[in-house]
1. What is the spread of the Cα atoms of the range B:7-58 along each of their three principal axes, largest first, in whole Å?
2. Taking chain B as a Gaussian network, where each spring joins two C-alpha atoms under 10 Å apart, which residue of B:228, B:218, B:146 fluctuates the most?
3. What is the average number of partner chain Cβ atoms found within 10 Å of a Cβ in B:222-230?
4. Order these by the 10 Å Cβ neighbour count, fewest first: B:213, B:187, A:8.
5. Tell me what chain B gives for mean residue ellipticity at 222 nm when only DSSP H runs of n ≥ 4 count, each as -39,500 (n - 2.57), the sum divided by the residue total, rounded to 500 deg cm²/dmol.
6. Express the relative contact order of chain A as a whole percentage, based on alpha carbon pairs under 8 Å and six or more residues apart in sequence.
7. Roughly what angle does helix B:258-291 make with the longest principal axis of chain B, taking Cα atoms, 0 to 90 degrees, to the nearest 10?
8. Please compute, for peptide B:148-155, the average count of beta-carbon atoms on other protein chains lying within 10 Å of each residue's beta-carbon.
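Every number here is computed from the coordinates shown, using simple stated rules; none is lab data. This one's a predicted model, so the numbers in the text were calculated from it and none came from an experiment. Cβ atoms come from the backbone with ideal geometry, glycine included; neighbour counts cover every protein chain shown.
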């Protein structure tokens with residue numbers, strides 16, 4: 001007892017410092033978690049969380065019977081996985097090419113230019129994309145017109161929409177990856193290249209046997225951390241670019257939850273769908289952190 | 001050993017340079033295109049004559065945009081949320097990271113607290129429960145709805161606590177011996193020494209606040225409370241004029257023509273372009289800081 005009071009006397013300022021931060025996450029993160037109960041209720045706003053009737057797994061059964069559910073899950077994973085793969089491949093390639101430039105200022109300028117779109121919101125970038133991709137007046141379709149290609153409605157055509165999402169996402173985000181991989185390449189010991197050259201390895205062989213292995217730890221890290229994003233297809237981007245005609249190829253879990261919950265006020269049902277996503281994501285993120293720790297010795301704190 | 005590069009090697013280097021220049025052009029082209037449209041006359045833009053340089057140069061679109069009280073007010077709300085939000089967020093991050101940076105001998109419950117924070121990265125209540133919580137707190141249509149939920153960013157806390165941990169322990173011991181308590185040590189030793197890390201997290205918080213739009217759409221029932229990005233979302237992208245009275249519809253149609261849309265996008269991107277050079281410099285440091293651990 002005595003030792004506890006002694007510890008308290010020494011440590012109370014530390015507890016006090018954590019108090020405001022804790023208050024904020026309890027109110028804005030933990031209290032909403034209790035709202036998960038809604039997933040098992042026929043939630044009626046007037047009756048609240050405690051007064052609404054429980055209906056067991058009924059909301060989840062409704063979801064399983066929902067005609068588009070398979071398509072929504074497919075779209076989510078399809079777009080997300082394509083983004084993860086392209087988001088790995090493109091920056092690695094560009095970083096290797098960039099590393100071949102000998103002048104430092106060129107590398108720096110390039111990094112500065114390609115990293116810029118990362119800081120603009122999807123609202124602004126969507127405004128820009130809608131303008132550029134417009135079938136009637138967009139500059140891209142004008143360009144294609146010179147080659148005799150008829151205007152393509154990129155954002156209104158189910159065959160195009162998912163790929164436009166992947167390409168524009170890579171366009172926005174590859175600068176970040178490029179900087180990370182270039183940093184890894186710069187850290188490779190130059191004697192490794194010399195040794196490879198003495199062994200008769202050309203540039204291509206050096207890329208395969210010196211550069212890629214040198215980047216491997218960071219590649220593994222980025223890949224494992226991305227596992228947690230398998231159900232994040234990019235709400236901000238898709239919400240700002242999709243429209244009813246492309247729901248078939250564009251509707252993802254997050255946009256579906258928004259339309260069901262906020263627009264149609266089916267709170268219980270939307271919470272159930274969101275919960276399903278949160279639980280699966282929780283498993284994926286936990287696995288990814290464990291893998292990142294095992295494979296790349298990465299710790300979050 | 002220095003050898004004259006072979007012909008193949010030189011050809012590769014030239015192609016590589018051209019290719020990379022082309023890639024960086026592709027990254028900037030959309031932004032330059034929008035800028036060119038915003039300074040062109042409405043008829044030239046509508047006819048699709050504008051590529052990367054203004055046609056029939058005019059600032060009419062900008063006069064139009066800044067002449068609209070709706071746009072200016074939304075801009076003001078965004079500035080407000082950036083200032084209030086960043087100040088609150090930095091204050092909380094500084095005091096939260098300090099106890100969590102202690103080892104278990106100095107602070108027994110450190111790991112328990114750390115997990116309470118980290119768990120919120122792994123799992124969340126989801127859109128609807130969060131929305132209903134904010135609503136039941138009576139924060140709808142107030143600045144609080146935009147500022148409070150973003151007040152603690154656990155990633156920033158982690159970044160800062162890793163930085164704190166790498167500061168020399170002797171400094172803290174010295175201030176202890178001089179009789180300083182935890183609060184004095186934090187303000188007089190830790191904060192001044194971690195200015196680079198604070199600048200990084202501060203800039204990222206500012207950009208996060210400036211760019212965020214979805215919270216405004218969820219929590220603001222009245223369009224006059226929209227921050228700029230939310231306002232642009234409804235006017236430029238969704239062209240959703242339902243909330244307007246009929247005499248305002250004409251005004252909104254003006255705001256949504258091609259040159260005005262371009263001008264509004266560019267004005268909203270401008271503050272980011274201003275802070276971007278700083279962001280980029282700090283970011284590289286940020287990666288290094290976040291990754292160095294003991």
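1. Taking max minus min along each principal axis of the Cα atoms, the range B:7-58 gives 51, 15, 14 Å.
2. B:218
3. Taking the mean over all residues of the peptide, I get 1.
4. Arranged by neighbour count, lowest to highest, B:213, B:187, A:8 become A:8, B:187, B:213.
5. It lands at -22000 deg cm²/dmol.
6. Averaging sequence separation for qualifying contacts and normalising by length gives 26 percent for chain A.
7. Relative to chain B, helix B:258-291 is tipped by roughly 20 degrees.
8. 4
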